[in-house]
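Here is the structure we will look at, set down as structure tokens.
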Amino acid sequence: MATEAGAARSARAITLVALLLAVSGCERSPPAGTDGGVACDVDNGGLELPAGFCALVVTDHLAGARHLVVSEDGDVYVSLRIPRLDFGGIAALRDSDHDGRADLVEQFGKEGGVGIALHGGYLYFGADARILRYRREPGELVPAAAPEVVVDGFPAGEYHSARTFAFTPDGGLLVNVGAPSNACQIEDRVPGSAGRAPCPELRTAAGIWRYAADALGQHHPGDGQRHASGIRHVLAVDRSPADGELYVIQHGRDELHQNWPASYDARQGQQLPAEEMLRVRAGDDFGWPYCYFDGRVQRRVLAPEYGGDGVTQGRCDSYPSPVAALPAHAGPNAMVFYRGDQFPARYRDGAFVALHGTYLRADGSRAGSQVAFIPMPAGGGAGAWEVFAQLAAGDAPGAGPAYRPTGLALGPDGSLYVADSESGRVWRIVYPSGP
């Protein structure tokens with residue numbers, strides 16, 4: 001791995017090699033596909049997958065790995081939540097011998113973050129306080145140009161400060177701004193503390209804000225527009241290829257039992273609320289902090305901070321229902337709709353979701369720590385979610401999982417890439433026999 005100066009030298013060297021190859025008429029080959037002979041690991045790198053699928057480890061030990069994106073020529077960029085020393089907040093991976101595994105790994109950038117995407121010739125990156133972009137020239141692995149600031153002024157260093165985003169066809173940049181609290185209480189996470197009404201956090205957070213994707217020097221919130229409100233925090237964001245709409249999966253609120261034991265027992269605290277998959281349109285309001293979604297009865301109910309008792313619905317029937325409901329506290333940290341044609345047809349347009357997993361429960365169980373799949377049949381709606389990839393458990397009794405998925409991306413050949421936050425592993429999942 002390289003320091004900032006070393007990364008710059010590596011970038012210049014890589015660019016020179018690319019130019020020499022172009023002059024000689026020998027450009028980089030496209031990434032190896034399932035017919036290109038990539039060999040899966042015998043144990044699928046610690047993944048349990050449906051019949052017909054297999055996986056290989058692309059790289060390992062990327063400290064703080066979060067989201068990732070794959071370029072058209074097969075380079076992989078992984079966001080790192082906390083940059084280690086001066087190595088940088090983005091890891092760039094290249095498979096130069098086309099065996100499916102990264103043989104060149106570089107790090108660059110001075111800030112850590114979560115959201116990362118390629119758009120219009122730029123690599124966009126979501127640091128906590130701002131959205132940056134790097135110009136990515138053909139053949140470059142590490143961008144030589146300095147980053148540009150697209151939007152600045154987001155609250156950093158607060159609860160739910162991770163920045164994720166998506167693009168719209170008409171040039172918009174939709175940015176998640178998470179709520180800086182659990183349920184907008186007067187005293188956050190204090191038992192019995194009432195909620196503030198109206199919740200002042202909704203003015204600048206707890207929703208999706210729209211900015212211009214190609215404009216520089218914008219500032220939150222003055223230069224943006226509130227696109228949608230009442231969303232506590234989302235890391236899983238993507239636009240559907242089927243209907244073009246933005247979908248997100250909300251991290252639901254916590255501590256119903258701890259803060260309101262008269263209304264919720266310990267088991268209810270573990271089961272509530274559902275993690276909601278939302279179809280988000282301009283002007284939508286999904287009811288946080290006043291309401292939450294009870295997946296057991298499939299309806300929104302009034303939050304205890306606002307007079308609820310776990311049953312009363314009150315004003316909550318006026319907010320849109322989720323498209324799908326996932327288990328409570330499962331930690332949906334990434335989502336990608338399947339746009340490829342390598343996997344069987346049933347996966348087309350459906351959503352893969354990285355469930356990072358919650359804390360260990362009293363009974364030793366844990367929600368999440370797996371990659372889920374949500375079918376999205378033609379005509380709208382969503383099917384029941386299912387486990388697609390189960391990750392290996394840790395060796396120590398009572399220990400958490402050895403791996404926790406936190407990022408998802410599609411390769412140009414339709415492979416599914418998965419990033420892990422525990423050991424910093426990146427997998428590539430393929431379907432070798434074809435659809």
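The values are calculated or read from the model by the stated rules, or taken from the named source; none is laboratory data. All values derive from a computational prediction rather than experimental measurement. Cβ coordinates were reconstructed from backbone atoms using ideal geometry, including for glycine residues, and neighbour counts include every protein chain displayed.
Per-structure values
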{"item": "Only one of Ala63, Ala91, Ala117 that is aliphatic (A, V, I, L, M), under 17 Å from the mean Cα position of the chain (by Cα) and at pLDDT below 95", "result": "Ala63"}
{"item": "Residue pairs meeting the criteria (Cβ under 9 Å; at least 6 apart or on separate chains; first in contact (Cβ under 8 Å) with a residue 40 or more places away in the chain and under 19 Å from Ser229 (Cα atoms), in the stretch 291-309; second part of a strand (DSSP E or B) and of a type in the set (S, T, N, Q))", "result": "Phe293/Gln250; Glu305/Gln185"}
{"item": "Odd one out for Leu278 among (1) at pLDDT 95 or above; (2) aliphatic (A, V, I, L, M); (3) assigned to a loop (DSSP other than H, G, I, E, B); (4) within 19 Å of Ala384 (Cα to Cα)", "result": "(3)"}
{"item": "Val323, sole failed condition from (1) closer than 19 Å to Ala205 by Cα; (2) of a type in the set (Val, Ile, Thr); (3) in contact with a Lys or Arg (Cβ under 9 Å, 6 or more places away or on another chain)", "result": "(1)"}
{"item": "Any hit, the stretch 291-314, residues being of a type in the set (Asp, Glu) and more than 22 Å from Asp265 (Cβ to Cβ)", "result": "no"}
{"item": "Sole residue being under 21 Å from Leu68 (Cα atoms), touching a Ser or Thr at 6+ places or on another chain (Cβ under 9 Å) and aromatic (Phe, Trp, Tyr), chosen from Phe286, Phe293, Phe352, Phe337", "result": "Phe337"}
{"item": "Residues of the stretch 172-202 satisfying the condition of being farther than 30 Å from Ala282 by Cβ and of a type in the set (A, V, I, L, M, F, W, C)", "result": "Ile186, Val190, Ala194"}
{"item": "Of residues in the stretch 310-322 being surrounded by fewer than 19 Cβ atoms within 10 Å (Cβ to Cβ) and touching a residue at least 40 places away in the same chain (Cβ under 8 Å), the one farthest from Ile374 (Cα to Cα)", "result": "Gly310"}
{"item": "Subset of the stretch 398-431 (residues that are surrounded by fewer than 22 Cβ atoms within 10 Å (Cβ to Cβ) and part of a strand (DSSP E or B))", "result": "Pro401, Leu410"}
{"item": "Candidate set from the stretch 134-163 (those that are among the hydroxyl-bearing types (Ser, Thr, Tyr) and farther than 24 Å from Gly121 by Cβ); member that is modelled with the highest pLDDT", "result": "Ser161"}
{"item": "Considering residues of the stretch 239-292 that are polar (S, T, N, Q) and under 20 Å from the mean Cα position of the chain (by Cα) only, the residue surrounded by the most Cβ atoms within 10 Å (Cβ to Cβ)", "result": "Gln250"}
